[in-house]
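Take a look at the structure set out below.
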Amino acid sequence: MAFALLTSVPPVFGLYTSFFPVLIYSLLGTGRHLSTGTFAVLSLMTGSVVERLVPDPLAGNLSEIEREQLEASRVGAAAAVAFGSGALMLAMFALQLGVLSTFLSEPVVKALTSGAALHVLVSQLPSLLGLSLPRQIGCFSLFKTLAAVLTALARSSPAELTISALSLALLVPVKELNVLLASVLCFASSLDTRYNVQVVGVLPGGFPQPLFPTLDKLPRILADSLPIALVTFAVSTSLASIYADKYSYTIDPNQELFAHGVSNLISSLFSCFPNSATLATTSLLVDAGGNTQLAGLFSCVVVLAVLLWLGPFFYYLPKAVLACINISSMRQMFFQMQELPQLWRISRVDFAVWMVTWVAVVTLNVDLGLAVGVVVSMMTVVCRTQRVQCLALGLAEGTELYRPLRESHKLLQVPGLCILSYPTPLYFATRGQFRHILEWRLGLGERGKQSPKLGSLPDKGAEPIRVVVLDFSGISFADAAGAREVVQLTRRCQDAGICLLLAQCNALVLETLTRAGLLERMTPEQLFVSVQDAAAHALERLKPTGPKICTVWV
């Protein structure tokens, strides 16, 4: 019910969303310890869409009929978003796009949820203070909400402020007891009539009639549903993977797409809003000893009891208490910020991705913040491939291992032989750096006379290079541009009288190089399984071949 307020729909629809999706995921999901239902981040994102599609009318005072029509329109919009996100996830399942979960890195997901938690906190301030303020949407909505709250602070309700303070003080140790006490106190003291405290009101009993969502704004709904579908999949898959690793079993990302897609699609027919795996309830489920998907059915029994029999007991529950529940449920997401010092020590790049994503989520909104985080995360990968360090290898004394020369001074080098390792993918973005480094290392063309920033200068007084071995074990893939660069390098080495040998080239890369015409420039005898084999062949070529001198005894 608390998350329903974030979605801008009546509280009872939060109960529906905590019932139908759980039943469906229990049958289709692969996360044994996963608990599905309402999730604060999705509720916040859906609420922004609902408020934009069905805004509050300019006339503040609405009649009862107008209020019911407004709520019905918002429920329909939320269900349509759930339908759209479910349809998108099923389309992703049909295309077997479960691999997309790997593109949402851990820093992006954690920064997204931490930033969204701050949005949830600020969005609940009007309810905590008893202020009736329009919901701010779009970019900078967090700061707009803060400004509106500060402006209207003098009109805050002392009664609701007191209820909020007491609820936050008692919510952590006795959450369920706090809800019951708040309902009883509000009923006994008539806070709703004497002090105009906003309460939950009537919770309709039973289940809603199945209703196909209104899709008259389908293009806009699909555009809004895409980030919601991605967040649903990313959070659910990440959480399922954590517990799968902990308890030694595996999950199927594509099956998770199917399970959450069907869950959102079918539950939208019962006026549910978007749902996913939930952090807090999953942790509670694991602590309670749940080991299979069927454990979620017990929570369904509780929700069923409220829908059928216990609903009237929540009539006098203040909405300020629900706002406090929303804030309390964000504790785990705020605690994620404690990991930042450790992340700084492990990887400065991941720390930067975390901070950029968090600032974008807080400053702009959750949707744009997610997009910024994904783009920045992918750009760091591209930038890392640009920082190429072509390593010269030498033979470790007493072994057959070839190690980078910069690691030790006790490595042997054979005059006239150059062994280079290129440990990065070879594609259009790295082909220029590949050409530049090889020209400098091998003394080819004008670049051979220049000195790049990476590495040390080659010894100008050393014997000219006659054989070069390229260790391609670090090249995971090559595109057409990179393959053509290797073919051109082969031609230039032939013109310079240098024998080029390739070692440890994986099958896919070798296939790409062959299609680009590599074997038209070199023979299969110049391809080797290991660096050791290529170096042994190079040593045979470097042996002196002159006329033999014979000694004749007289």
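Which members of segment 513-526 meet the condition of being crowded, with 20+ Cβ neighbours inside 10 Å and not small (Gly, Ala, Ser)?
The initial filter retains those residues of segment 513-526 that are crowded, with 20+ Cβ neighbours inside 10 Å, namely 513, 516, 518, 522.
Listed by number, the residues that qualify are Leu513, Leu518, Met522.
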Could you tell me which of the residues Leu100, Leu90, Leu70, Leu118 is closer than 30 Å to Leu340 by Cβ and at pLDDT 85 or above? Leu118
Regarding segment 243-263, can at least one residue be identified that is among the aromatic types (Phe, Trp, Tyr), open to solvent by less than 10 Å² (accessible area, probe 1.4 Å) and farther than 11 Å from Met89 by Cα? no
Only one of (1) in contact (Cβ under 8 Å) with a residue 24 or more places away in the chain; (2) part of a loop (DSSP other than H, G, I, E, B); (3) out of contact with any Leu (no Cβ under 8 Å at 6 or more places or on another chain) fails for Gly289. Which number is that? (1)
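Here are Leu501, Leu510, Leu470, Leu438: which of them is in a helix (DSSP H, G or I), surrounded by 16 or more Cβ atoms within 10 Å (Cβ to Cβ) and modelled with pLDDT of 90 or more? Step through it out loud before you land on a result.
On the way: Leu501 fails: in a helix (DSSP H, G or I); Leu470 fails: in a helix (DSSP H, G or I); Leu438 fails: modelled with pLDDT of 90 or more.
That would be Leu510, the only listed residue that is in a helix (DSSP H, G or I), surrounded by 16 or more Cβ atoms within 10 Å (Cβ to Cβ) and modelled with pLDDT of 90 or more.
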Go through the residues of segment 194-210 one by one and say whether even a single one is open to solvent by 40 Å² or more (accessible area, probe 1.4 Å), in a helix (DSSP H, G or I), under 30 Å from Tyr316 (Cβ atoms) and modelled with pLDDT under 85. yes
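Could you grab me the full set of residues in segment 49-65 that are surrounded by fewer than 24 Cβ atoms within 10 Å (Cβ to Cβ) and closer than 22 Å to Val366 by Cβ? Full working, then the answer.
So the first thing to find is which residues in segment 49-65 are surrounded by fewer than 24 Cβ atoms within 10 Å (Cβ to Cβ), and the list is 51-65.
Hits for segment 49-65 are Glu51, Arg52, Leu53, Val54, Pro55, Asp56.
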Does at least one position in segment 100-119 carry a residue that is over 27 Å from the mean Cα position of the chain (by Cα), more than 23 Å from Asp216 (Cα to Cα) and not in a helix (DSSP H, G or I)? no
Return the residue satisfying two criteria in turn: it lies in segment 397-422 and is open to solvent by less than 50 Å² (accessible area, probe 1.4 Å) and in a loop (DSSP other than H, G, I, E, B), and of such residues it is farthest from Gly474 (Cα to Cα). Gly416
Single match in Leu239, Leu226 (criterion: in contact (Cβ under 8 Å) with a residue 60 or more places away in the chain, in contact with a strand residue (DSSP E or B) (Cβ under 9 Å, 6 or more places away or on another chain), under 20 Å from Val108 (Cα atoms) and open to solvent by 10 Å² or more (accessible area, probe 1.4 Å)): Leu239
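Which members of segment 332-372 meet the condition of being of a type in the set (D, E, K, R) and in contact (Cβ under 8 Å) with a residue 12 or more places away in the chain?
Of segment 332-372, the ones of a type in the set (D, E, K, R) are 339, 345, 348, 350, 367.
Selection gives Glu339, Asp350, Asp367.
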Across segment 214-267, what is the total count of residues that are in a loop (DSSP other than H, G, I, E, B), β-branched (Val, Ile, Thr) and out of contact with any Gly (no Cβ under 9 Å at 6 or more places or on another chain)? 1
How many residues are in a helix (DSSP H, G or I), of a type outside the set (Val, Ile, Thr) and surrounded by 15 or more Cβ atoms within 10 Å (Cβ to Cβ) if we restrict to segment 372-396? 2
Would you confirm whether or not segment 474-485 contains a residue that is over 18 Å from Leu438 (Cα atoms), in a helix (DSSP H, G or I), open to solvent by 70 Å² or more (accessible area, probe 1.4 Å) and in contact (Cβ under 8 Å) with a residue 24 or more places away in the chain? no
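The values are calculated or read from the model by the stated rules, or taken from the named source; none is laboratory data. Quick caveat, the model's predicted, so the values are computed rather than measured. Virtual Cβ from ideal backbone geometry, glycine too; neighbours counted across all protein chains shown. Heavy atoms of the whole protein, side chains included, go into the accessibility calculation; ligands, DNA and RNA do not. Shrake-Rupley method; radii C 1.70, N 1.55, O 1.52, S 1.80 Å.
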